[in-house]
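Values quoted throughout were computed directly from the atomic coordinates according to the rules given, and no laboratory measurement underlies them. Computed from a predicted structure; not experimentally measured. Cβ coordinates were reconstructed from backbone atoms using ideal geometry, including for glycine residues, and neighbour counts include every protein chain displayed.
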Amino acid sequence: MKWYKKTLTIRTRGIGMLPITEQVTEYLRKWQVNEGMCHLYIQHTSASLTINESFDHTAQVDMEAFMEQIAPQEQPWMSHTMEGKDDSSSHLRTMLTNVSLSIPIENGELCLGTWQGIYLLEHRNSPHNRQILVRCLSIEEGDINE
């Protein structure tokens, strides 16, 4: 077995979803991981990760609108606003989504479904540099039990 690691830095544009499947896949190719597991972890409390529809852009539009409906900004009951009007809502959105993902790797590819893609969800209004830890465990041919 081999363990690979890298920190992926993504510059966001502000609130919204960014596809990152290709950036993660680039590491798998570089490391030549054929079989194993890919772990992703975002080191932030106001951004998150998800796997969702990646074929039709309108699905992304709907997901972003849903987040605005479920955790809108500037609610009168929100007291955590030290960093701005998006402070409390960004943490609530992170709580509803994921800060880590684990994806199997087979035949050199992430085992994503036909329409699935990996997204970074930025929950802040302004752009940020977000760090995602990419960790891959590569299993050698002799290590595989089926």
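Each of GLU106, GLU35, GLU122 has some number of other Cβ atoms within 10 Å of its Cβ, and from fewest to most they run GLU106, GLU35, GLU122. Positive end of the dipole of the stretch 2-141, charges at C-beta (+1 Lys, Arg; -1 Asp, Glu), about the Cα centre: which of PRO19, CYS136, TYR119 has its Cα farthest in that direction? Checking the options against the dipole of the stretch 2-141, the answer is CYS136.
Using bins of 10 Å that start at zero, the share of Cα-Cα pairs per bin across the stretch 53-123 amounts to 16, 39, 27, 14, 3, 0, in whole %.
A cut-off under 15 angstrom between Cβ atoms defines the neighbours of LEU8, and their net charge, with Lys, Arg +1 and Asp, Glu -1, is +4. Ordered by the count of other Cβ atoms within 10 Å of each Cβ, fewest first, LYS6, LYS85 give LYS85, LYS6. Listed by chain and number, the lysines whose alpha-carbon sits under 26 Å from that of LYS30, ignoring those within fewer than 8 places in the same chain, are LYS2, LYS5, LYS6.
Would you mind counting up the charge near LEU18? Only other residues with Cβ under 12 Å from its Cβ, with Lys and Arg at +1 and Asp and Glu at -1. Spelling it out: positives minus negatives among the neighbours equals 0. The distance from the alpha carbon centre of the stretch 1-57 to that of the stretch 64-93 is 25 Å, rounded to a whole number. Between 0 and 90 degrees, the angle of helix 57-70 with respect to the longest Cα principal axis of the chain falls at about 50 degrees.
By the count of other C-beta atoms within 10 Å, a proxy for reagent exposure, SER46, SER90 are ordered fewest to most as SER46, SER90.
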